[in-house]
Amino acid sequence: MYEPVEDNPMIGYRGCYRYVHDPSFFRLELAALARVREEFPAVGLMIPFVRTKWELEACLQLVDDSPLGRQRGLRPG
């Protein structure tokens, strides 16, 4: 995979938007987190750089559809 050319890479294809735009790697991360939480239940999920409500909703739908499911351990931070 390649990184797109961006005018300002600090606010472009990062965090939540990347998870939603190309969810294949995020699905792998969620599966790994679900396995880790079997042994270490205090490990939580952080969704970085959320810019819009629709991005967060789409991202959380990916989480809900993953092995992690609704046991995502979100806390305000």
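Restricting the stretch 45-73 to residues that are among the small types (G, A, S) and assigned to a loop (DSSP other than H, G, I, E, B), the residue that is modelled with the highest pLDDT is S66.
The residue of the stretch 12-34 that is surrounded by the most Cβ atoms within 10 Å (Cβ to Cβ), among those that are more than 15 Å from C59 (Cβ to Cβ) and touching a residue at least 24 places away in the same chain (Cβ under 8 Å), is A34. The C-beta contact set for the stretch 42-65 (first residue charged (D, E, K, R), second residue assigned to a loop (DSSP other than H, G, I, E, B), distance under 7 angstrom, 6+ apart or interchain) comprises D64/R70.
Could you list, in sequence order, the residues of the stretch 25-50 that are more than 13 Å from the chain's Cα centre (by Cα) and among the charged types (D, E, K, R)? The answer is R35, R37, E38, E39.
The values are calculated or read from the model by the stated rules, or taken from the named source; none is laboratory data. Keep in mind that this is a model prediction, so the values were computed, not measured. Note: ideal-geometry Cβ built from the backbone for every residue, glycine included; neighbour counts use all protein chains shown.
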